[in-house]
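Take a look at the structure set out below.
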Amino acid sequence: MNLLAHLHLSDGLPAGVAAGNLLADFLRRFRAEVPDADFAAGVRLHRAIDAFADADPGLRAARAGFAPPWRRWGGILLDVAGDFFLARDWPRYSAVPLRDHVAARLAEIQRFLHAQTSPLEPLVARLRAEEWLPSYGTRDGLRRAFDRVACRSPAAAVLRGAEREIERRQPELQAAFDEFYPRLRARFTPRPPQAACAAGRAGRPAANRRS
């Protein structure tokens, strides 16, 4: 999963947890330390989400379907494609407009990072200023996302133009995302405390149910 999905799967969580879930992959690149327990919990959540996605048979088949030279980078292509589908179809998943949702959450995360004097704060400021996440739902946003990844190393330069491969396989990739993402949300979206308590009471033997 890519940035927008990780942010979406942080709904209802504290800003520090959301920051860790969103930014776990940038820690080493920015030589950033884990600032507190909330951020550490977010990093663990990020890794659990990615492990769940990597192990999914449907997504594994979709990754394997990329032809050379894309196959080596199939995980990245699939992650970016997922954010494309999520951003484009956002009203299916939230009543809050995408730009409003992203702006509010990134502002919270940036305030958290500022308080921690984290080197990740300028990255979040850039995400906000350049509107990376809302742009994922457009072809130009896809192109810019792959261009950013392509700049990371000479080997990654092959990813320039990868949006054409997403378009070529769009029906198949869309179907894989539509099948997988609701299950991912069900697995990792936190339930309100009242719902968790109700579920706990429902699972007890009748004789043990007491208020």
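The values are calculated or read from the model by the stated rules, or taken from the named source; none is laboratory data. Because the structure is a prediction, the values reported are computed rather than measured. Note that each Cβ is placed from the backbone with ideal geometry, even for glycine, and that neighbours are counted across all protein chains shown.
Condition first: more than 21 Å from VAL80 (Cα to Cα) and either part of a helix (DSSP H, G or I) or in contact with an Asp or Glu (Cβ under 8 Å, 6 or more places away or on another chain) (or both). Now tell me which residues in segment 1-28 satisfy that.
PRO14, ALA15, GLY16, VAL17
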Tally up the residues in segment 136-151 that are over 18 Å from PRO68 (Cα atoms) and in contact (Cβ under 8 Å) with a residue 60 or more places away in the chain, please. 3
In segment 172-198, how many residues are at pLDDT 95 or above and either over 21 Å from the mean Cα position of the chain (by Cα) or part of a loop (DSSP other than H, G, I, E, B) (or both)? 0
Any hit, segment 107-125, residues being farther than 22 Å from GLU163 by Cβ, basic (Lys, Arg), surrounded by fewer than 19 Cβ atoms within 10 Å (Cβ to Cβ) and in contact (Cβ under 8 Å) with a residue 40 or more places away in the chain: yes
Please go through (1) polar (S, T, N, Q); (2) more than 19 Å from ARG29 (Cα to Cα); (3) at pLDDT 95 or above for SER94 and return the number of the only condition it doesn't satisfy. (3)
If I filter segment 137-159 for residues that are surrounded by 15 or more Cβ atoms within 10 Å (Cβ to Cβ) and among the polar types (S, T, N, Q), do I get at least one hit? no
Looking at ASP54 and the list (1) closer than 29 Å to GLU167 by Cα; (2) modelled with pLDDT of 95 or more; (3) surrounded by fewer than 17 Cβ atoms within 10 Å (Cβ to Cβ), which single condition is not satisfied? (2)
Residues in segment 78-87: is at least one surrounded by fewer than 16 Cβ atoms within 10 Å (Cβ to Cβ) and part of a helix (DSSP H, G or I)? no
Every residue in segment 10-41 that is among the aliphatic types (A, V, I, L, M) and surrounded by 23 or more Cβ atoms within 10 Å (Cβ to Cβ), please. VAL17, ALA18, ALA19, LEU22, LEU23
Any residue at all in segment 29-45 that is under 17 Å from the mean Cα position of the chain (by Cα), assigned to a helix (DSSP H, G or I) and within 25 Å of GLU163 (Cα to Cα)? no
Given the condition in a helix (DSSP H, G or I), under 15 Å from the mean Cα position of the chain (by Cα) and closer than 20 Å to LEU86 by Cα, answer yes or no: does some residue in segment 104-116 qualify? yes
Verdict on ALA5 being buried (at least 23 other Cβ atoms within 10 Å of the Cβ), farther than 18 Å from PRO119 by Cβ and either touching a Gly at 6+ places or on another chain (Cβ under 6 Å) or touching a residue at least 24 places away in the same chain (Cβ under 8 Å) (or both): yes
Find all pairs meeting these conditions: Cβ atoms under 8 angstrom apart; at least six residues apart or on different chains; first residue within segment 168-186 and under 19 Å from ARG139 (Cβ atoms); second residue surrounded by 13 or more Cβ atoms within 10 Å (Cβ to Cβ) and among the β-branched types (Val, Ile, Thr). LEU173/ILE166
